[in-house]
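Okay, so here's the structure we're looking at.
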Amino acid sequence: MKKHEASRYEIRFSGSGGQGLITAAVIFAEAVGVYDGQFVCQTQSYGPEARGGKSKAEVVISDAPIDYPKARRLDLLLAMNQAACDAYYRDLSPGGLLVVDATLVEQHPTSRIVALPFTTIAREELGREMVANMVALGAVGVLSGRVHAASLEKALLARVPVGTEELNQKALQRGMTEAAKIRLETLPRSIFNDDEV
């Protein structure tokens, strides 16, 4: 039982409906499960407004069968807007990592954070804001350390619409490159919020 618990890694992709976070989570889960051969569960929920409403998708990874499919204490939270960051950061485990879109999240509720400009990169470098989710996916892949880059790329190419493969592949690679610059060992070991500082 202890080994099972120790092997569990939980990620939540969050933001607003229409940002493609559920697609990103599905690709991540398929990369981990289909191509890397780990145990994985992927769940999702939409806000009542769908597009523009609150959206979250979770991926639970383990090297043993998963008894409970939903995230309990997040190891990594991706927040693509301020509302998602504010709503979910308290679900992080003490050593968890908050990853935010620096373009849309200005207030950081914790010190253990990586802020990267996913939307700006997608809009200004790649010419399509809609691939910000794939930029973020590449970054999450690197920062989590739970999936091989080649597996993530295979899962992405199998999932994105025909004709968009090259753009999405570039977005994924761009996110990986940006995240590779981050030195996680320089961050605080555990989360501190404003009340604790």
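The values are calculated or read from the model by the stated rules, or taken from the named source; none is laboratory data. Quick caveat: nothing in here was measured; it's all calculated off a predicted structure. Backbone-built Cβ (ideal geometry, glycine too); neighbour counts: all protein chains shown. Surface areas here come from the heavy atoms of the whole protein model, side chains and all, with no ligands, DNA or RNA. Shrake-Rupley method; radii C 1.70, N 1.55, O 1.52, S 1.80 Å.
Return the only residue of 136, 122 being open to solvent by less than 10 Å² (accessible area, probe 1.4 Å) and either over 19 Å from residue 56 (Cβ atoms) or not hydrophobic (A, V, I, L, M, F, W, C) (or both).
Being open to solvent by less than 10 Å² (accessible area, probe 1.4 Å) and either over 19 Å from residue 56 (Cβ atoms) or not hydrophobic (A, V, I, L, M, F, W, C) (or both) holds for just one of 136, 122, which is 122.
Check segment 162-170 and report whether any residue there is open to solvent by less than 10 Å² (accessible area, probe 1.4 Å) and either in contact with a Ser or Thr (Cβ under 6 Å, 6 or more places away or on another chain) or in a helix (DSSP H, G or I) (or both).
Taking every residue of segment 162-170 in turn, none turns out to be open to solvent by less than 10 Å² (accessible area, probe 1.4 Å) and either in contact with a Ser or Thr (Cβ under 6 Å, 6 or more places away or on another chain) or in a helix (DSSP H, G or I) (or both).
Hey, residue 105 hits all of (1) open to solvent by less than 30 Å² (accessible area, probe 1.4 Å); (2) outside any loop (DSSP other than H, G, I, E, B) but one; which does it fall short on?
Of everything listed in (1) open to solvent by less than 30 Å² (accessible area, probe 1.4 Å); (2) outside any loop (DSSP other than H, G, I, E, B), residue 105 misses just condition (2).
Conditions: (1) in contact with a helix residue (DSSP H, G or I) (Cβ under 8 Å, 6 or more places away or on another chain); (2) within 21 Å of residue 156 (Cβ to Cβ). Residue 97 meets all but one. Number of the miss?
That leaves (2) as the condition not met.
Looking at (1) in contact with an Asp or Glu (Cβ under 6 Å, 6 or more places away or on another chain); (2) in contact (Cβ under 8 Å) with a residue 40 or more places away in the chain, which is the only condition residue 119 fails?
(2)
Would you confirm whether or not segment 27-35 contains a residue that is closer than 21 Å to residue 181 by Cβ and touching a Leu at 6+ places or on another chain (Cβ under 9 Å)?
There is at least one residue in segment 27-35 that is closer than 21 Å to residue 181 by Cβ and touching a Leu at 6+ places or on another chain (Cβ under 9 Å).
For segment 80-94, check the following and say yes or no: at least one residue is out of contact with any His (no Cβ under 8 Å at 6 or more places or on another chain), open to solvent by 40 Å² or more (accessible area, probe 1.4 Å) and assigned to a strand (DSSP E or B).
Yes, segment 80-94 has at least one match.
With respect to residue 128, is the statement that it is among the basic types (Lys, Arg) and open to solvent by less than 40 Å² (accessible area, probe 1.4 Å) true?
Taking the combined requirement at face value, the residue does not satisfy it.
Just to check your reading of the model, which residue among 152, 172, 167, 137 is of a type outside the set (Gly, Ala, Ser) and over 26 Å from residue 40 (Cα atoms)?
167
Can you pull out the residues in segment 52-78 that are assigned to a loop (DSSP other than H, G, I, E, B) and in contact (Cβ under 8 Å) with a residue 24 or more places away in the chain?
52, 53, 63, 64, 65, 66, 67, 69, 70, 71, 72, 73
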